[in-house]
Each structure stands twice: as C-alpha cells, then as structure tokens.
Amino acid sequence: MTDNRFGKLFSFTSFGESHGPAIGCVVDGVPPRLSLAPNDIQPYLDRRKPGQNRFVTQRKEADEVEILSGVFEGMTTGTPICLLIKNTDQRSKDYGDIAKQFRPGHADYTYFEKYGIRDYRGGGRSSARETAVRVAAGAIADIALSRILGDSYKIKASVVQIGPHKINADRFDENEINNNPFFCGDAKAALEWADYLDDIRKSGSSAGAILEVIATGIPTGIGQPLYGKLDSEIASAMMSINAVKAVEIGAGFSLSEVPGEVAGDEMQMSDGRAEFLSNNAGGILGGISSGEPITARIAIKPTSSILTTRKSIDTDGNNVELMTKGRHDPCVGIRGVPVVEAMMACVLLDLLMRHHAQTTILPDA
C-alpha cells in the first residue's frame, strides 16, 4: 500500500490497523527547538477518543501517546518524530461473521478487489481508528503554528448539522462547543440532537453530520497559485478523512445561486490596511490566503456499520444478508471535529513552511 504520507515540508506517515497492536505515525519537518512532550499532545487526543458518551462508539481506548524519537530534553531536534498509540480494547471476534462478507458502505469490497486480501477486523487500515494519529500529528502542527503566529492564531471546528437538524446561527456561541457531547455551538440544538440520536441508535441506524472549521490569524500569502492552492490542499486533506463525502470553502455551493456583485467580496481601506466587507471566498483568493478567516464545511456520511440487516455479497459471489455487530458511532461526524482541526493545522503549517522556503530565500531589495 502506497500513499500513506501527507504533506511536503511538514509531513506525517501513518501506520497501523484498527485491531492491530498499535497505530502511529512518523512526523517529519517539525521545526527544531519546539517544546514538546506527550502531555502537550494528549489533550488533543482526549477530545477524539472513543467511549466518552452514549453518542459515540463504546470501544474503550485510552489513546495514550508515546514519543519514540525526535525529542531530546523536552525539545524537538528537527529529526523525525515517531508517535505510537497502543490499541488496548479490540474485540476482533465481533467481526468473525463478516470475514467473507462485504459490508455495504464500507471499503471491504474495494480493498479486496484491489489487494486480493483484507483485514476484516474493524475495517483494518480503512477504519476511522487511523484518525487518532492524524490528531496527534495535527497537535504538533497546532503547537508549532501557535508559536510562529502568536495569540491571534486559532483553529476551531464544530458540528453545525446532524441528520436534517441544523443549528440556529443566531444562537451560536463558541463557548458552548465544549459544553456538550456534540461539539455544538448551539445549546438548544445539542439538546434536540440528543433525542434524535437516541432514536437513531435504538432503531439500529446512524446519522450523518456537517462540520464547520474556521482558522483565524492566518497571514496573507499562504498557498501556491496553481497546484498547491490553499483551498485545494484543504479540500484534499478533508476528503482523505474517513466518511467525508463533500467539502466546501467559504460560501461554497451557495455561491452558484447569487449574482456576481454579491458573490465577490468587496474591499475598502481601513486604518491603512485592506478590509473585506464580506468573506464569501472563505479567506482564500486564487489559492492564496487573504488574511480573512479561513472557513470550510465538511459533510460526513452516516456510519456504515449499523445494526440493521442489509443486502450484500460475499467473497464467493453469493448474495447475503448481514448485520454489522460491534461497537460503532451512531454519528461518526461527532468525533470528526478534532480530526478536521488537525488536518487544517497540518495543511496550514506545511503551506506556511513552503511559503517561507520560497519567499524568504533572498534578502529584501
């Protein structure tokens, strides 16, 4: 299997399977002399780990991260950082019945067709379990960006819709995001989602979600004009996350419904600097950051593993009916919040480093 590496100057290569002994990644390109310890990374992982409430999978994983290399006396050395997270609560027997059956909506069929073999235990490499190491790598990126960009920098994501139920934007309060199990900025919507997901879970089904992520304090000039556009890199990073089926930047699809004089963000000078009167572009123009908040919305499909009997086929070409046992998220999008934050941080640090590698090599004229 190739293409397990993300990024160019700041990059990480992930490894491991859902029911293997451990998962992990090797993070490369981390600036030297950055203060880093496992306790710096752990809070990021704690926000993503399973088993924290009834609305996520009940698999109990501590997700404790170990740093195996690249750090000396509490400081990064500029060499590759190997991060390891041990798996401690696998129940592979839950998947014995589907060893030769392809679960609808999963990667079972395509993996088997591509490789002629698959790890059926929890989806193996295709499991969302792999996103834990993305969060660990993203923690390092976020710590580095905070050091480089200062207090104005922040990445914050939230769930804005579960199933057909959307938040009320007028009630949105960023301080509410960490006060409920849904990472929701609308306290009333969170209460409604609880009832909705209880019904979904009891019926043996699942629900999708839409997440919104906003990065502030990003300077102008980040991103390449053509094949390394900031928006294309963000979209690619988000689409690489399990169960993500759509990404929009800024106003996204809704821009197709309005005239040009509304869609284009007008500008004026204010206190000697350019000021945008709107942010339909999501903080990106021509693939390059404009200095406005960078915004993206990510659509995540309903969890494919559900306790409802469904039609499929097996490896012998027989038609079968199957029900997926095990412990699964009724809405996998909820735990996607720290994952999209991590991928945003990885993209921004990588492109920031690429920007400075090109533009600061020569002295000022």
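Summary of values
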quantity	calculated
Residue in region 350-363 that is among the hydroxyl-bearing types (S, T, Y), modelled with pLDDT of 95 or more and under 30 Å from G228 (Cβ atoms) present	no
Residue satisfying condition, being among the acidic types (D, E), outside any strand (DSSP E or B) and under 30 Å from S127 (Cα atoms), within set E261, E192	E192
Neighbours by Cβ (under 8 Å, 6+ apart or cross-chain): first from region 96-121, among the basic types (K, R); second assigned to a helix (DSSP H, G or I)	R118/D108; R118/Y111; R118/F112; R118/G124; R121/S92; R121/Y95
Residues that are crowded, with 16+ Cβ neighbours inside 10 Å, assigned to a helix (DSSP H, G or I) and polar (S, T, N, Q), drawn from region 212-247	S232
Candidate set: region 302-337, residues that are assigned to a strand (DSSP E or B) and either open to solvent by 30 Å² or more (accessible area, probe 1.4 Å) or not aliphatic (A, V, I, L, M) (or both); chosen: the one modelled with the highest pLDDT	N319
Failed condition for K156, given (1) surrounded by fewer than 24 Cβ atoms within 10 Å (Cβ to Cβ); (2) in a helix (DSSP H, G or I)	(2)
Flag for L197 being farther than 23 Å from A299 by Cβ and open to solvent by less than 70 Å² (accessible area, probe 1.4 Å)	no
Some residue of region 161-173 being modelled with pLDDT of 95 or more, at negative phi, within 20 Å of the chain's Cα centre (by Cα) and open to solvent by less than 60 Å² (accessible area, probe 1.4 Å)	yes
Tally, over region 1-34, of residues that are touching a residue at least 60 places away in the same chain (Cβ under 8 Å) and either more than 19 Å from the chain's Cα centre (by Cα) or within 18 Å of E233 (Cβ to Cβ) (or both)	18
Hits in region 128-153 - residues which are buried (at least 21 other Cβ atoms within 10 Å of the Cβ) and small (G, A, S)	A128, A132, A136, A137, G138, A139, A141, A144
From the options I155, I241, I148, I200, residue that is on the phi < 0 side of the Ramachandran plot, at pLDDT 95 or above and over 15 Å from the mean Cα position of the chain (by Cα)	I148
Every residue from region 107-126 that is crowded, with 21+ Cβ neighbours inside 10 Å and under 19 Å from P302 (Cβ atoms)	D108, G122, G123
Counted residues, region 298-348 - those being within 27 Å of V160 (Cα to Cα), of a type in the set (D, E, K, R) and more than 10 Å from the chain's Cα centre (by Cα)	3
Search result, residues across region 259-273 that are among the hydrophobic types (A, V, I, L, M, F, W, C) and over 20 Å from I249 (Cβ atoms)	M269
Filter result for the condition that a residue is more than 30 Å from F6 (Cβ to Cβ), at pLDDT 95 or above, in contact with a strand residue (DSSP E or B) (Cβ under 8 Å, 6 or more places away or on another chain) and not aromatic (F, W, Y), over E275, E248, E266	E266
Verdict on A187 being more than 20 Å from G282 (Cα to Cα), open to solvent by 30 Å² or more (accessible area, probe 1.4 Å) and among the aliphatic types (A, V, I, L, M)	yes
Residue in region 285-301 that is part of a loop (DSSP other than H, G, I, E, B), open to solvent by less than 40 Å² (accessible area, probe 1.4 Å) and touching a helix residue (DSSP H, G or I) at 6+ places or on another chain (Cβ under 9 Å) present	yes
Check on A207, without any contact (Cβ under 8 Å) to a residue 60 or more places away in the chain, over 19 Å from L351 (Cα atoms) and either open to solvent by 10 Å² or more (accessible area, probe 1.4 Å) or touching a strand residue (DSSP E or B) at 6+ places or on another chain (Cβ under 9 Å) (or both)	no
Some residue of region 270-282 being among the polar types (S, T, N, Q) and open to solvent by 50 Å² or more (accessible area, probe 1.4 Å)	no
Subset of region 119-148 (residues that are of a type in the set (D, E) and assigned to a helix (DSSP H, G or I))	E130, D142
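The values are calculated or read from the model by the stated rules, or taken from the named source; none is laboratory data. It should be emphasised that the depicted structure is a prediction, and the values quoted were computed from it without experimental measurement. Note that each Cβ is placed from the backbone with ideal geometry, even for glycine, and that neighbours are counted across all protein chains shown. Surface areas here come from the heavy atoms of the whole protein model, side chains and all, with no ligands, DNA or RNA. Shrake-Rupley method; radii C 1.70, N 1.55, O 1.52, S 1.80 Å.
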